[in-house]
1. Most mobile of Tyr154, Tyr46, Tyr136 per a Gaussian network model of the chain (Cα springs, under 10 Å)?
2. If each residue of separation counts as 0.36 nm, what is the full-extension length gain between Ser252 and Lys223 once their alpha-carbon separation is subtracted?
3. Holding the Cα-Cα limit at 29 Å, pick out from Lys48/Lys78; Lys78/Lys223; Lys42/Lys292; Lys223/Lys292; Lys42/Lys268 the pairs that are longer than that.
4. Calculate one ³J(HN,Hα) per residue across the stretch 44-58 by plugging θ = phi - 60° into the Karplus curve 6.51 cos²θ - 1.76 cosθ + 1.60, and present them in order as whole Hz with x for glycine and proline.
5. Given the Cα-Cα distance of Val99 and Glu239 and 0.36 nm per residue of separation, how much length would full extension add, in nm?
6. Going through the stretch 20-87, which trypsin sites (Lys or Arg not before Pro) have at most 12 other Cβ atoms within 10 Å and a DSSP loop state?
7. So for each of 184-195, 26-37 I average, over its residues, the number of other beta carbons within 10 Å; can you give me the resulting order with the highest mean first?
8. Label point 7 Å out from Asp91 along Cα-to-Cβ: which residues of the stretch 3-39 have amide N under 19 Å?
Amino acid sequence: MENKLDQLECDPGEFDNFLSLPPEYSDSQISEFVVFTAPFEKTTSYRKGTALGPEAIIEASRQVELFDFELGRSAVQKGIATDRSLDAFCDGDYEKFDVAARAVAATTMRRGATPVFIGGEHSISLAPAAAALELYPDLTVVQIDAHADLRDSYDGDKYSHASAMRRVLEIEPGPSNLVQVGIRSGCAEEFRTAESEPRIRMFTAAAIHSGRVSIDDILDSVKGRVYLTIDLDGIDPAEAPAVGTPEPGGLSWRWTLEFIERLCALSKPVAFDLVELCPIPGDFRSDFLSAKLIYRIIGLIAGQAK
Ligand SMILES: [Mn+2]
């Protein structure tokens, strides 16, 4: 073995954190990435269980190779901490969660590190997106999702997962653009909102699949810094079946990777999240896909010049 990292890549340890990293690679004070678990679940409308998402991702991440051979590097030397302090704020009171989550996201970004939120339902994205907006007013929010999440409320709840992006747009001053990718379901009002609000750039799954819309077309709408939010149901349920609302006709794993790689080359996300994994007992595909996707994005961000 050439060095300690080589050895770790080949024979990882047994640690209870994202990627199962030993303390020298997962120190929360100096790591360049901090994975915050956010097992918040209150408003899921179909299959429940997304509160179990974060721990399923951490469990699956033990099987992710630390050497990402497609990137040709390992991002763990930058440090990837796991922080479960928000779990205590995930009892269903969104406003309480929001205050705590904004604070830790802001602290992490202020010291130059990248917060990574793993949900939990999509409502949780509001907090890190708002914290990012406060630091970077020129922010574009890029959303990979089957659903527009533009409802004013759902089941009477303003902080429903189905209203997540509507709340993000209401932040003052708000994002320069909301770029929605992979959309294939929603109520008529959401599509009217998308047409009437100039900051919303919606790219449907149908337009992407037919070739009417290219990755370049989507990236044309990305201005300034980026907050990336990934609702796992944006990816096709054939590849990621463990979501609350599996919509057919989604994005492929390969297309998603290419899109995110090009996005990161254009503008490194200042923070990102992956939400709505709803584990299926005995079927680990989606858990593993989520863990691998998160680590790929970390690798892409780590590889960019600061
Ligand atoms: Mn969503």
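1. Result for the chain, Cα springs under 10 Å: Tyr46 fluctuates most.
2. 8.0 nm
3. Working: Lys48/Lys78 35 Å; Lys78/Lys223 27 Å; Lys42/Lys292 26 Å; Lys223/Lys292 27 Å; Lys42/Lys268 31 Å.
Pairs exceeding the cut-off: Lys48/Lys78; Lys42/Lys268.
4. Taking θ as phi minus 60°, the curve returns 3, 9, 10, 7, 8, x, 5, 4, 8, x, x, 5, 5, 5, 5 Hz for the stretch 44-58.
5. 47.0 nm
6. Lys48
7. Details: 184-195: 15.9, 26-37: 20.2.
Result, highest mean Cβ count within 10 Å first: 26-37, 184-195.
8. Answer for this model: 37-39.
Every number here is computed from the coordinates shown, using simple stated rules; none is lab data. Small disclaimer: the values here were computed from a predicted structure and weren't measured. Methodologically, a virtual Cβ is constructed for each residue, glycine included, from the backbone with ideal geometry; neighbour enumeration extends over all protein chains shown.
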